[in-house]
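These notes concern the structure reproduced below.
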Amino acid sequence: MIRMPGTRLDEEAAAFLKQHHIRAICLFRGNMTDELQLKKMTADLRAVMGPEALIALDQEGGAVVRSTWVPQPPAAMSLGASDDKDLCYQVGAAVARGVKALGFNWNFAPVLDLNNNVDNPVISERSFGSDPARAAELALAWMDGSLSEGVACCVKHFPGHGDTNVDSHRDLPTVDKTLEELQALELAPFQIAVSREAPAMMTAHIVYPALDADNPATMSEAILTGLLRKQWNYQGVVITDGMDMHAIAGRYGVGKAAVKALLAGADLVMALGTTETQLETLEALTQVIASGQITVAEIEQRLARVRRLTKTYPCQQSAYQTELADRILMSSAWKRGLTACGNPVAPAKGSKVRLVISADVVSDGVSEAGIPAEKVTAMLSSLYDVDTVTFDNADSFCWDDLPQDGRYVILASTVRIRYSQQVRDSWKPDLHLVLWNPFQMLDIDAPALLTYGFAAPAVDAARAWLAGEVRADGKIPVSGFQSI
């Protein structure tokens, strides 16, 4: 599977796909401008790649979505906060209807990582919670909804990315737990997914010494073949996470890493780098197949698994006839997840409010860019007299410099990164509006409202709470926080 630049399939890119017999592609936000453009692009890709095409994206929900104009789904933790299995099914189905109408047949979701490390820099609200049984139940209900609408899912990141404080996009994490600890937590949701016949699973670029002390899971025969295939008898497709990520490419080189992943048991290698690194990957895979290190029978077995996926979930664009109903569903779902911590009380309508917020929020490479300050200002201005104060760098912003004029102070957190000790020691808002990482509520000594995301319906949900139109009945689905 590859990625490609641009928003159209030009002759050069089409020739590349045909020449190298590529039938799987992952599209990102940079490939998308609007509905008409994206439908044209996916139609052109189907025409070139043929009936066994796999066109994928990351449409998890919350901050990790690529198509931002279809109805925006809540983050996994928002759904975990509402703790409603049927709602998860409905949201998963609605997501599938939206992306299928755009020409996709594979969604790299849901996340089965457990949120058992509040310092995790990349998972956070992408997880359904910390309890393995309940998180798996909710995530797989979401998966069932998607499958019911004809869009394949891919649970991730096996064997679990939840308990790391390193982002594998940037370095190689290690989860140094005993086998018993892994079986009780990280592995449990994936084993449940195997029993539920999840059609595909994505590997994690993480070392688990109790399972394989020498190789990250993506390149571990002990994990992908010994554990997943032989012990658990998993029959679905195994695809690597992006092999361009620094945890892999920066340590092993893309060609060598692709070979190790194939020999370890992966069915598909995700080559998301440049055309040059994709060619390096293709050459390395061609050589290892030609050398006989992997047999023709083994290759055919893997191709058969991929064919079964494309046959069950064919790539075909469909009309989107439920968009309005799905927008209503997503709006309601975001409201259901609203969570109050520390008994927050909204200021009365018409109050004088000061908003403190980051001036600019860029993408962290995994998620979409956060919400601009002016959009939060506009939301609050529909209820209050608002004075907005922005900062470029949280650590250099001096809270004591704010005017002491009696305004009710709202801090809106619009980034995923946690706050530093300097911020924790000095920032004292009246209300903390947490519009992304829920664990930022641990950093600020103030009552908090958690939305688990900054999509338009999440901001609308926050406004509805401030206006007294809805309650915040969600419960943060992580051990130790239920009583907050």
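Name every residue in the stretch 227-270 that is in a strand (DSSP E or B) and under 17 Å from residue 193 (Cα atoms), in order of residue number.
237, 238, 239
Being buried (at least 23 other Cβ atoms within 10 Å of the Cβ) and not in a loop (DSSP other than H, G, I, E, B): is that true of residue 140 here?
Yes: the conditions hold for residue 140.
Among the listed residues 34, 44, 83, 10, which satisfies the condition of being acidic (Asp, Glu) and on the phi > 0 side of the Ramachandran plot?
Only one candidate passes the filter, namely 83.
Taking the stretch 307-328 as the region of interest, how many residues are within 23 Å of the chain's Cα centre (by Cα), β-branched (Val, Ile, Thr) and closer than 20 Å to residue 107 by Cα?
The number of residues fulfilling the criteria is 1.
Considering only residues that are polar (S, T, N, Q) and either more than 24 Å from the chain's Cα centre (by Cα) or at pLDDT below 95 (or both), look in the stretch 439-484 and name the one that is farthest from residue 361 (Cα to Cα).
Residue satisfying both the conditions and the ranking: 483.
Condition check ((1) buried (at least 23 other Cβ atoms within 10 Å of the Cβ); (2) touching a Gly at 6+ places or on another chain (Cβ under 8 Å); (3) of a type in the set (A, V, I, L, M, F, W, C)) across all residues:
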position: 197; (1), (2), (3): no, yes, no
position: 211; (1), (2), (3): no, no, yes
position: 235; (1), (2), (3): no, no, no
position: 253; (1), (2), (3): no, no, no
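Return yes or no: is residue 273 touching a helix residue (DSSP H, G or I) at 6+ places or on another chain (Cβ under 9 Å), closer than 30 Å to residue 235 by Cβ and either assigned to a loop (DSSP other than H, G, I, E, B) or at pLDDT 95 or above (or both)?
Judged against the criteria, residue 273 is a match.
Inside the stretch 352-399, can you point out the residues that are in contact with a helix residue (DSSP H, G or I) (Cβ under 8 Å, 6 or more places away or on another chain), of a type in the set (Asp, Glu) and either closer than 19 Å to residue 457 by Cβ or not assigned by TED's automatic domain parsing to the domain that holds residue 435 (or both)?
The answer is 368, and nothing else.
Residue by residue through the stretch 330-345, note down the ones that are aliphatic (A, V, I, L, M) and surrounded by 18 or more Cβ atoms within 10 Å (Cβ to Cβ). Working first, answer last.
Our first condition is that a residue be aliphatic (A, V, I, L, M); within the stretch 330-345, this holds for 330, 333, 338, 340, 345.
330, 333, 338, 340, listed by residue number.
Name the residue that is surrounded by the fewest Cβ atoms within 10 Å (Cβ to Cβ), counting only residues in the stretch 35-72 that are part of a loop (DSSP other than H, G, I, E, B) and of a type in the set (Val, Ile, Thr). Let's see the steps before the verdict.
As a first pass, look at the stretch 35-72 and keep what is part of a loop (DSSP other than H, G, I, E, B): 50-53, 58-60, 62-63, 65-72.
Imposing the further condition that a residue be of a type in the set (Val, Ile, Thr) reduces the set to 65, 68, 70.
Numbers: 65: 24, 68: 13, 70: 23.
Looking at residues that are part of a loop (DSSP other than H, G, I, E, B) and of a type in the set (Val, Ile, Thr), I get 68.
Only one of 425, 473 is farther than 13 Å from residue 124 by Cα, among the acidic types (Asp, Glu) and not assigned by TED's automatic domain parsing to the domain that holds residue 363. Can you tell me which?
Working: 425 fails: not assigned by TED's automatic domain parsing to the domain that holds residue 363.
Within the list 425, 473, the selection yields 473.
Is it true that residue 413 is modelled with pLDDT of 95 or more and surrounded by fewer than 22 Cβ atoms within 10 Å (Cβ to Cβ)?
No, not satisfied.
Select from the stretch 13-34 the residues that are of a type in the set (A, V, I, L, M) and in a strand (DSSP E or B) and write down the one among them that is farthest from residue 286 (Cα to Cα).
Checked the stretch 13-34; the qualifying residue farthest from residue 286 (Cα to Cα) is 25.
Give me the residue from the stretch 346-365 that is surrounded by fewer than 17 Cβ atoms within 10 Å (Cβ to Cβ) and at pLDDT below 95 and, out of that set, farthest from residue 76 (Cα to Cα). Spell out the reasoning first.
So in the stretch 346-365, the residues surrounded by fewer than 17 Cβ atoms within 10 Å (Cβ to Cβ) come out as 348-352, 359-360, 362-363, 365.
Checking the rest, the ones that are also at pLDDT below 95 come to 359-360, 362-363, 365.
Working: 359: 27, 360: 25, 362: 21, 363: 19, 365: 19 Å.
Result: 359.
Condition check: under 25 Å from residue 117 (Cα atoms) and in the same structural domain as residue 349 (by TED's automatic domain parsing). Does residue 411 satisfy that?
yes
Check the stretch 455-465 and report whether any residue there is without any contact (Cβ under 8 Å) to a residue 24 or more places away in the chain, under 20 Å from residue 78 (Cα atoms) and surrounded by 22 or more Cβ atoms within 10 Å (Cβ to Cβ). Write out each step before concluding.
Initial filter on the stretch 455-465 (without any contact (Cβ under 8 Å) to a residue 24 or more places away in the chain): none.
Within the stretch 455-465, not a single residue is without any contact (Cβ under 8 Å) to a residue 24 or more places away in the chain, under 20 Å from residue 78 (Cα atoms) and surrounded by 22 or more Cβ atoms within 10 Å (Cβ to Cβ).
Every residue in the stretch 53-89 that is under 10 Å from the mean Cα position of the chain (by Cα) and of a type in the set (Gly, Ala, Ser), please.
Scanning the stretch 53-89 gives 61, 62, 63, 75, 76.
The values are calculated or read from the model by the stated rules, or taken from the named source; none is laboratory data. All of these numbers come straight from a predicted model, not from anything done at the bench. Heads up, the Cβs are rebuilt from the backbone with ideal geometry, glycines too, and the neighbour counts pull from every protein chain shown.
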